[in-house]
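Presented below is the structure to which this report refers.
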Amino acid sequence: MTPGDAPDEALLPTDEDRAADVTVARVEPPVTYALRSRVLRDGAPPERARLPVDDLPDTAAFAATAPDGTVVGTAIVYPEPCPWLPDRPGAWRLRGMATDPGWRSRGVGSRVVAAVVDHVAAQGGTLVWCNARTPAQRFYERAGFRTHGEPWEDPEIGPHIAMWRPL
Ligand SMILES: CC(C)(COP(=O)(O)OP(=O)(O)OC[C@H]1O[C@@H](n2cnc3c(N)ncnc32)[C@H](O)[C@@H]1OP(=O)(O)O)[C@@H](O)C(=O)NCCC(=O)NCCS
């Protein structure tokens, strides 16, 4: 290529390639606080994104990390009975699902959910449930979740819908 030539489009990394470089792995919960805080807590100090369940021994946190070490996706999952199937053993609750705004719609969130589901299955879990923000409903449906009941309004966070995925 001589100076001034346009770069060959085929050689430029696509958004999908960028997501392919992301590593998804289990991490200590505090690794997820900064992104959680930015995306889900309106930029409150990271410590305010901490949930009491982060300290439970069975809580598993997952982070998607970009090649430069930045955390770009997060979620946690832990055993908690499913409110509408309270007697069903092996229920796990998904929380703190967040992707950095600059990394959305590239499959990062889907890979984090897949890691969560794999973890629950490996632990002998039978279902994963969450209280989803309604704008994320389609995202969860693509990951195999279905809705339960009617949407409701959280006064601080907005509309939610319960969702679950049997394993
Ligand atoms: C919900 C959220 C976590 C999804 O994360 P994400 O990394 O964008 O998720 P994905 O990229 O896997 O999927 C998102 C969309 O991108 C599309 N997509 C996935 N891979 C893609 C790719 N390689 N190229 C283009 N589009 C793609 C999917 O079709 C999906 O569309 P849909 O949501 O309309 O079904 C993210 O939007 C977020 O953090 N939102 C704010 C916080 C929030 O609502 N969290 C959930 C609380 S319950």
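The values are calculated or read from the model by the stated rules, or taken from the named source; none is laboratory data. Please read all numbers here as calculations on a predicted model, not as lab measurements. Counting neighbours? That spans all protein chains shown, and the Cβs are built from the backbone with ideal geometry, glycine included.
What to note about this one:
- Selected residue (criterion: nearest to the ligand (Cβ to nearest atom)) from residues of region 103-131 that are over 12 Å from the mean Cα position of the chain (by Cα) and on the phi > 0 side of the Ramachandran plot: S105
- Entry remark, region 86-102: residues being more than 6 Å from the ligand (Cβ to nearest atom) and surrounded by 11 or more Cβ atoms within 10 Å (Cβ to Cβ) number 10 in total.
- The set of residues in region 77-99 being closer than 19 Å to A66 by Cα and touching a Leu at 6+ places or on another chain (Cβ under 6 Å) consists of A98 alone.
- Test set (1) assigned to a strand (DSSP E or B); (2) at negative phi; (3) more than 11 Å from the ligand (Cβ to nearest atom); (4) not aromatic (F, W, Y) - G149 fails condition number: (2)
- Filter result for T65 (touching a Gly at 6+ places or on another chain (Cβ under 7 Å), at pLDDT 95 or above and within 14 Å of the ligand (Cβ to nearest atom)): no
- Filtering region 81-97 for residues that are charged (D, E, K, R), modelled with pLDDT of 95 or more and assigned to a loop (DSSP other than H, G, I, E, B) leaves a non-empty set.
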